Structures are given as structure tokens and as C-alpha cells.
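Each remark here refers to the structure printed beneath this line.
The values are calculated or read from the model by the stated rules, or taken from the named source; none is laboratory data. Because the structure is predicted, anything quoted here is derived from the model rather than measured. Cβ placement follows ideal geometry from the backbone for every residue including glycine, while neighbour counts extend to all protein chains displayed. Accessible surface areas use protein heavy atoms only, side chains included; no ligands, DNA or RNA. Shrake-Rupley method; radii C 1.70, N 1.55, O 1.52, S 1.80 Å.
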Amino acid sequence: MNYYHADVVGAVMPLMSGAEPYHHEAGPVGVLLCHGFTGTPQSLRPWGEFLAGHGLSVSLPRQPGHGTTWQEMNHTRWEDWYAEVEKAFQDLLGRCSEVFVAGLSLGGCLALRLAEVHGPAVKGVVVVNPSIALDVPLLRLAPLLKWFLPSVPGVANDVKKPGVRELAYSRTPVKAAASLPRLWSLVQADLTKVTQPLLVYHSTDDHVVKPTSVGILRKVLKHATIEELSDSYHVATLDNDADRIFAGSLDFIRTHASVPLQRD
């Protein structure tokens with residue numbers, strides 16, 4: 001089955017098969033899942049289905065510019081991606097009594113931003129290999145490079161488990177990437193506003209996000225629980241430690257939710 005959507009410039013764009021958003025309505029506790037930069041909901045779909053099977057209402061939106069072409073993504077910026085997860089968060093708030101937010105890589109950064117902005121409306125936060133720091137030298141040049149270099153090699157599919165592939169772009173759109181430092185700066189500046197319970201999963205062998213981001217969280221947010229993953233690369237939600245992430249996040253939500261989960 002082919003899926004289409006109107007892109008940011010009004011053209012009709014086909015979606016990659018598997019890049020569709022995922023939503024599940026269940027009990028009064030909801031969780032918003034945020035996928036990463038140049039990725040798609042596919043990287044978090046098994047996580048979302050696991051949580052849905054244990055009574056959670058789940059929202060896993062597809063962020064603008066993702067799941068179509070990297071050329072389209074070059075017409076989007078971090079504000080567009082954040083607006084989409086903000087919209088999904090508000091929708092969950094309207095249907096659930098409590099909402100948790102979670103994310104992978106840059107999706108973890110977006111989840112932290114939601115926690116900073118919305119305070120107690122976010123019940124808790126789970127992030128996997130979050131990206132909140134400018135630790136790639138090339139990105140420092142992105143504001144200049146974007147004028148004559150449309151894309152660079154991608155960072156997708158950093159998965160250790162044999163036979164598993166992440167559905168994501170093979171190229172990184174430079175104009176879109178040039179907007180990232182502003183988001184990282186905002187999130188770092190407001191990190192002390194993240195007073196909610198926070199669970200962080202960190203792959204010790206990550207070829208995409210350097211340890212800088214988790215180091216910042218460890219230093220600033222003393223209340224964070226940080227779990228090391230020794231058998232996964234960056235896309236840990238599709239890797240050997242996925243089951244551990246799924247079960248651990250469910251226990252985390254059960255611990256901090258004030259209402260019981262409704263089992264499907």
C-alpha cells in the first residue's frame with residue numbers, strides 16, 4: 001500500500017513503506033515517542049507496540065521532512081519537527097490523564113525540550129542515546145556549507161544486530177542540519193527545568209552521538225537514572241538491547257504514573 005502526504009512546499013510526496021506514524025488508544029496513561037534526525041517512526045515502532053500491548057496510549061508521529069526524501073527535509077528545520085511532537089503531545093494531554101515523553105537521538109532532545117517547556121504536564125522522560133550537543137566539527141560549518149553543499153553522507157543504520165536495518169536517509173540534508181545547533185543551545189540552557197523523573201539509556205559503543213551529550217545530562221541532572229547499554233550501537237531501540245529498553249521504560253512508567261495502566 002502506498003502512502004502519500006502533502007509536503008512542506010505543497011507537492012504530494014510518497015512515504016517510504018514503514019515510515020508511517022503509529023497511534024494506539026488505550027488507557028489513561030499516554031506516552032509520546034519521538035524519532036531521530038533523518039529517521040522515521042520505524043525505529044521506534046516496536047517500542048510503541050510493546051507499550052501499547054501493556055495498556056498505554058501511544059503516539060509516534062512522523063516529523064516533517066522525514067520518511068520521504070532528504071531533499072524535502074532540506075525545506076524543514078528543528079522548529080517544524082518540534083511543532084509536530086508538540087501537537088502530538090497536546091493531543092495526548094486532551095485524551096489522557098498523564099503523559100510521558102520519550103525519544104531516540106535527536107528525538108530525545110525534542111522530548112527533553114517538551115519537558116522543559118511543559119513542566120509538570122510531562123510526568124516523566126525516557127531518552128535513548130540523546131543528542132543535545134554540538135560535537136561534530138562539520139556541523140560548525142553547516143551554516144556556510146548549506147549554501148553550496150546540499151547533503152553529506154548520512155548517519156543512519158548504526159545497528160549492531162545482524163539483519164536489522166533502520167529506515168532512514170542515506171544522506172544528511174545540510175540545510176536541515178544547520179538548524180540543529182540552535183535547538184541544542186536552547187535545550188542545554190534550560191536543562192535545570194527538567195525536574196521530572198528521567199531515565200537515560202546510553203550505548204557505550206555509539207558511532208553517531210558522542211558521549212558529550214550524556215555527560216552533560218549526568219552533570220546537570222543529578223536525579224537522572226543512567227543505564228549503560230553494552231550490546232547495541234546508536235539505534236538501540238532496534239538493536240540487541242531493545243527488550244531491555246522496552247521493559248525498563250515500562251517499569252519506569254508504572255513506577256511514576258499515579259494511575260494504573262490498563263492492560264489490553
request  = Return the pairs, sorted by first residue and then second, in which the second residue is open to solvent by 10 Å² or more (accessible area, probe 1.4 Å) and not aliphatic (A, V, I, L, M), the first residue lies in region 27-43 and is without any contact (Cβ under 8 Å) to a residue 60 or more places away in the chain, the beta carbons are less than 7 Å apart, and the residues are 6+ apart or on different chains.
outcome  = P41/E20; P41/P21; P41/Y22; P41/R62
note = Going through region 197-229 in order, the residues found to be hydroxyl-bearing (S, T, Y) and either closer than 18 Å to A247 by Cβ or touching a helix residue (DSSP H, G or I) at 6+ places or on another chain (Cβ under 6 Å) (or both) are Y201, S203, T225
task = Report, by residue number, each residue of region 34-68 that is farther than 19 Å from E86 by Cβ, crowded, with 24+ Cβ neighbours inside 10 Å and among the aliphatic types (A, V, I, L, M).
result = L51, L56
query = Only one residue in G67, G48, G53 is in contact with a strand residue (DSSP E or B) (Cβ under 8 Å, 6 or more places away or on another chain), of a type outside the set (V, I, T) and either at pLDDT 95 or above or over 26 Å from L180 (Cα atoms) (or both), so which one is that?
reply = G48
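Condition test on T212, is it closer than 23 Å to A121 by Cβ and open to solvent by 30 Å² or more (accessible area, probe 1.4 Å)?
Working: closer than 23 Å to A121 by Cβ: no; open to solvent by 30 Å² or more (accessible area, probe 1.4 Å): yes.
Considered against the rule, which asks whether it is closer than 23 Å to A121 by Cβ and open to solvent by 30 Å² or more (accessible area, probe 1.4 Å), T212 comes out as no.
Would you say G119 is buried (at least 24 other Cβ atoms within 10 Å of the Cβ) and part of a helix (DSSP H, G or I)? Break it down into steps so the answer makes sense when it comes.
Numbers: buried (at least 24 other Cβ atoms within 10 Å of the Cβ): no; part of a helix (DSSP H, G or I): yes.
In short, no.
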